[in-house]
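Structure first, then comments.
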C-alpha cells in the first residue's frame with residue numbers, strides 16, 4: 001500500500017430533485033459524462049454552503065438542502081491528491097434557472113425547461129438536464145458516480161450504505 005502523503009480536497013455535491021421526482025445533472029467539464037453539480041469548498045465555507053453555491057453556479061438553481069446521502073473517496077488519475085466528495089439531497093425551488101443567469105433552454109426559446117445551457121461562473125458553458133430514473137438508466141454517456149444509475153433510486157429502504165468507497169480515475 002502506498003503511504004505517500006496526498007493532499008486532501010473536500011468537494012460538496014448536490015443531488016437536486018424537482019417536483020416530478022427527476023434528478024438534475026450537469027455535463028462534466030470535459031463534456032464526456034453527467035455529474036451532479038458540485039465543487040471544491042471555498043475558504044471558510046461549510047459543506048452545506050458549498051453545495052448550495054454550486055447548485056446556483058453550475059445550474060442556476062436555488063435549492064432547499066436535505067440530508068447528506070453519500071461520501072466517496074476519489075483518487076484522480078493525473079493529480080497527486082485524494083478527493084473526499086460528499087453529496088446532499090436537495091429540492092429545487094423551481095425547475096428552471098433564474099432569468100438573470102442567462103440560461104438557454106436546449107432547443108431554443110419556448111422549449112420546456114427539461115434541459116438548458118448555462119455559463120458556469122467558474123468554468124465552461126454547461127448543459128444541464130433533468131433525468132427520470134428510466135432516462136438515467138438508459139443514458140449512453142457515463143454517469144458519475146455510478147451509484148446514481150440505480151442505487152440512488154432505491155434509497156429510503158434502509159439497506160443502503162452511504163459510503164461509496166474508493167474510486168480511482
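Read the figures in this text as sums done on the coordinates, not as results from a lab. What you are looking at is a predicted structure, and each value in this text was computed from that prediction instead of being measured. Here the Cβ positions follow ideal geometry from the backbone for every residue, glycine too, while neighbour counts run over all protein chains shown.
Results, tabulated for the structure shown:
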quantity: Antiparallel DSSP beta bridges within the stretch 8-168, as percent of all bridges there, nearest 5; calculated: 60
quantity: Neighbour-count order for 101, 29, fewest beta carbons within 10 angstrom listed first; calculated: 29, 101
quantity: Rg/Rg_globular for the stretch 8-168, with Rg_globular taken as 2.2 N^0.38 Å and Rg from C-alpha atoms; calculated: 0.99
quantity: Taking the chain and dividing mean pair separation by its residue count, relative contact order in percent (alpha carbons under 8 Å, at least six apart); calculated: 27
quantity: Degrees, to the nearest 10: 47-59 long Cα axis against longest axis of the chain; calculated: 40
quantity: Label point distance in nm, residue 122-residue 71, each placed 7 Å from Cα along Cα→Cβ; calculated: 2.3
quantity: Residue with peak Gaussian network fluctuation, the chain [Cα springs, cutoff 10 Å], from 122, 64, 42; calculated: 122
quantity: Choice from 36, 124, 99 with maximal GNM fluctuation in the chain (Cα, 10 Å cutoff); calculated: 99
quantity: Max mean-square fluctuation residue, GNM over the chain, Cα-Cα springs under 10 Å, options 134, 58, 49; calculated: 134
quantity: Calculated FRET value between residue 6 and residue 115, using beta carbons and R₀ = 45 Å, to 0.05; calculated: 0.80
quantity: Quarter of the Cα convex hull surface for the stretch 1-100, i.e. its orientation-mean projected area (nm²); calculated: 7.9
quantity: Full-stretch length increase - residue 167, residue 84 - with 0.36 nm per residue and alpha-carbon distance subtracted; calculated: 28.8 nm
quantity: Förster radius 22 Å - calculated FRET efficiency between residue 28 and residue 139 (Cβ-Cβ, nearest 0.05); calculated: 0.95
